[in-house]
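Notes to accompany the following structure.
The values are calculated or read from the model by the stated rules, or taken from the named source; none is laboratory data. Nothing here was measured: the structure is a model prediction, and the numbers come from that model. Ligands, DNA and RNA are stripped out before the accessible areas are found, and what is left, the full protein with its side chains, is counted by its heavy atoms. Shrake-Rupley method; radii C 1.70, N 1.55, O 1.52, S 1.80 Å.
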Amino acid sequence: MAIVRREDLPSRLYKVVSADGGNAWSEPIYLFEGAAPNLLQLWSGNILLATSDRSGIKGVRLSISKDLGETWEDSVLIDKEYSIRDLGYPATFELGTRPSEIMTVYYKEGQGIKQAIYSENFVAENPNFTNFF
């Protein structure tokens, strides 16, 4: 599975799936608005999607899928920004060798590289949460 974006305004994210190791891909399935998608399969087996939201309340959003990308829970906005459009490009990884903390690093114009550290439960239990990390 891959999440790709289409350069519309606002940009849109689509899911594509390959059953043959990436030689051929399914037709894109629209998910939601966003940019710069980053996927991570967590120790739990769930998939975390970090994206840049560049419309509405701009920021970095996190969503979890518990069914291998078929559906996505409501997102958590971990860094909201009303005036900066150039932010995002998240990269996410789990800290440690078992389920523990998750770190997302991302770029924010004028502020360089930022980071947020959180748990999978935080994302799953706080849909529509907005905060600065």
Dmax and Rg, reported as Rg then Dmax, of region 33-72 (C-alpha, Å): 10.7, 32
Helical contribution to [θ] at 222 nm, DSSP H n ≥ 4, -39,500 (n - 2.57), averaged over the chain, rounded to 500: -1000 deg cm²/dmol
For residue 79, residues with placed amide H under 5 Å, excluding near neighbours: 60, 131
Accessible-area ranking of 30, 118, largest first, probe 1.4 Å: 30, 118
